[in-house]
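For reference, the structure discussed in these notes is given below.
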Amino acid sequence: MYRADTTADEAAEITAFRRAEKKYKLYYEQSSKKFYRKKKPKQVDLSEVLDFNSILNSHNQNDELPPGIAAVRCGFDDRPVFRLETRPGFYFIPGALSVEEQCKWIRESLRSFPQPPNRTNHNAIYGPVGDLFVAAKEGKVLLEEEGSNGDGQKWRFCEEGVAKLRSKGNACKSVSGTALLRKLRWSTLGLQFDWSKRNYNVSLPHNKIPDALCELAQKLAAPAMPKGEEFHPEAAIVNYFGLGDTLGGHLDDMELDWSKPIVSMSLGCKAIFLLGGKSRDDPPLAMFLRSGDVVLMAGEARECFHGVPRIFIDEENAEIDSLETHFSEESHLLDYVRTSRININIRQVF
Ligand code: SIN
C-alpha cells in the first residue's frame, strides 16, 4: 500500500490524505543509463480513481450508477449532475462546459485574468506585470530598471535585444516573458485574496468579476444552491498547473456563508482531484477532472479537505484532443494547453 520510498514508521505517521497525495503524485523512474535524458514517469495504479465520464456514459445508456453515487436533474441543460452520498454538498457535472466555452475561458485566463489590478503570484517579486501572455508570445523580456522612474514601477517588458544592450556591463536583472508565463501559478479576480493572511483584502483595488463569468457561475451553481436564493460571485481564484505542479490538501473556509457553493471549473489537461473528509485522517476519494468538468462544493462539503496531486500531460491521459483542434491556428495557446491545466474557482464571499 505504501510507496517503496516511505518506511513503515513514516507511513504510520502521515495522514490518509497525505498518503493518497503521495500515491498519485508524479514520480520518475530512476534511470540506470547515465545519459538517458527523457525522464520516464513511474506507473501509478489508477484503478481506484472515480471516472465520472464513464459513470455518465453508463447512466445514459442503462440508467445504472455505482453504489454511493446519485444523479440529480436540475435544469442544467438537462444533463445529470452527480452527487456523492457520503459527501453532502459535493456535486460533479461532467462536461458542463462546451469546447467553445473551455477555449474562451482558457484565453481569458491567460490574456485578461492576470492583468492588473488583478494580482498574481508574480506581484510579490515584480510588482504588477501587465500583458504577460502577449510579452511571452512576442519573446519579450522583463527587465529591472535602474532606480525609480517616478511611477514606482521598476520592472518593464522590453524587446530581447534592448534587454541585452541595457544589461551589458550592468547588473540588471531580467527574466523572459516565456519563463514568467510558465511560472504563473495563480491570479485573483474580483475581491482580492491575500494569501499571506488567508483572507480577502477588500481595500485592494479590484475590478468586478466579468459579467459573462458571473452569469456562467450562477447557472452552474444552481444544483447546489439553497432554494430561492441567488449566487453572487464576488471573487475567483485562477490556479495554473504545469507538469509536476500540485495543490496540497486544504479547506476553502474564508467565505462567510458556506451554504453557497464554490464553483470550480477545470480546463486543459486531465487531473486527479482528492476529496477527503473533515479530518486529514479521513481517506479521500480520488476522481479524474477533465477539461470542461465542473465541481460544486457547498454545505458540509465546504468542510472537506481537497487538493490536486497530479496532472497528466501525456497524449494518452491528457484528453485535450478537442482543445488542440480548436487552438490549431494559435500556436502559443496550443503550446501552453498541451502541458497545462487551469482551474477557475468562483466564490460568493459575503
Ligand atoms: C482548489 O481546490 O482550490 C482548486 C481545485 C482544482 O484545481 O480543481
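At 1.4 Å probe size, what's the solvent-accessible area of His326? Round to the nearest 10 Å².
Accessible area, nearest 10 Å²: 80 Å².
Which cross-chain or sequence-distant (5 or more) residues have an amide H under 5 Å from the amide H of Phe157, H modelled 1.01 Å from N in plane?
Distant-sequence amide H within range of Phe157: Leu143.
Report the residue, chosen from Ile272, Ile125, Ile313, that carries the largest GNM mean-square fluctuation when the chain is represented by alpha-carbon nodes joined by springs under 10 Å.
Ile125
So how tilted is helix 211-221 from the main axis of the chain? Cα-based, degrees 0 to 90, rounded to 10.
20
Only four residue types carry charge here, +1 at the Cβ of Lys and Arg and -1 at the Cβ of Asp and Glu. Report the dipole size of the chain about the Cα centre in Debye, rounded to the nearest 20. Could you put the intermediate results ahead of the total?
On the way: 47 positive and 50 negative charges, 282 e Å.
Here the size comes out at about 1360 debye.
If you build a Gaussian network model of the chain, linking Cα atoms that sit under 10 Å apart, which residue out of Gly248, Gly68, Gly139 swings the most?
Answer for the Gaussian network model of the chain: Gly68.
Could you name the aspartates and glutamates whose alpha carbon sits less than 16 Å from that of Lys183, not counting residues in the same chain fewer than 8 places away?
Partners found: Asp131, Asp245, Asp335.
Any idea of the accessible area per residue across the chain, 1.4 Å probe, to the nearest Å²? If you can, show how the numbers build up before the last one.
Details: 17770 Å² over 350 residues.
Roughly 51 Å² per residue, with all protein chains present.
From the helices alone, meaning DSSP H stretches of at least four residues, give me the mean residue ellipticity at 222 nm for the chain, per-run term -39500 (n - 2.57), in deg cm²/dmol to the nearest 500.
Numbers: 12 runs with 92 residues, N = 350.
Here the helix-only value at 222 nm equals -7000 deg cm²/dmol.
Regarding the chain, what's the average projected area of the Cα-atom convex hull, expressed in nm²?
On the way: hull surface 86.2 nm².
One quarter of the hull surface, i.e. the mean projection, equals 21.5 nm².
Under a 5 Å amide H to amide H cut-off, with H placed in plane at 1.01 Å, what residues pair with Ser259 once short-range neighbours are removed?
Hits under the 5 Å cutoff: Gly299.
Evaluate the relative contact order of the chain (contact order divided by residue number), counting alpha-carbon pairs under 8 angstrom at least 6 apart; express in whole percent. Each step should come with its number before you reach the end.
Working: 675 pairs, mean separation 73.3, N = 350.
In percent, rounded to a whole number, it is 21.
Hey, what angle do you get for helix 52-62 against the long axis of the chain, alpha-carbon based, 0 to 90 degrees rounded to 10?
40
Can you give the angle from 0 to 90° between the axis of helix 99-111 and the longest principal axis of the chain, with both taken from C-alpha atoms, to the nearest 10?
Relative to the chain, helix 99-111 is tipped by roughly 40 degrees.
Taking springs between alpha-carbon atoms closer than 10 angstrom, which of Trp195, Trp258, Trp186 fluctuates most in the Gaussian network model of the chain?
Of Trp195, Trp258, Trp186, the Gaussian network model singles out Trp195 as fluctuating most.
Can you work out the Karplus-derived ³J(HN,Hα) for every residue in the stretch 295-303? Use 6.51 cos²θ - 1.76 cosθ + 1.60 with θ = phi - 60°, whole Hz, and x for glycine or proline.
10, 10, 10, 9, x, 4, 5, 5, 9
The values are calculated or read from the model by the stated rules, or taken from the named source; none is laboratory data. Model, not experiment: these values are computed from the prediction. Note: ideal-geometry Cβ built from the backbone for every residue, glycine included; neighbour counts use all protein chains shown. Remember, those area values only see protein heavy atoms, side chains included, never the ligands or the DNA or RNA. Shrake-Rupley method; radii C 1.70, N 1.55, O 1.52, S 1.80 Å.
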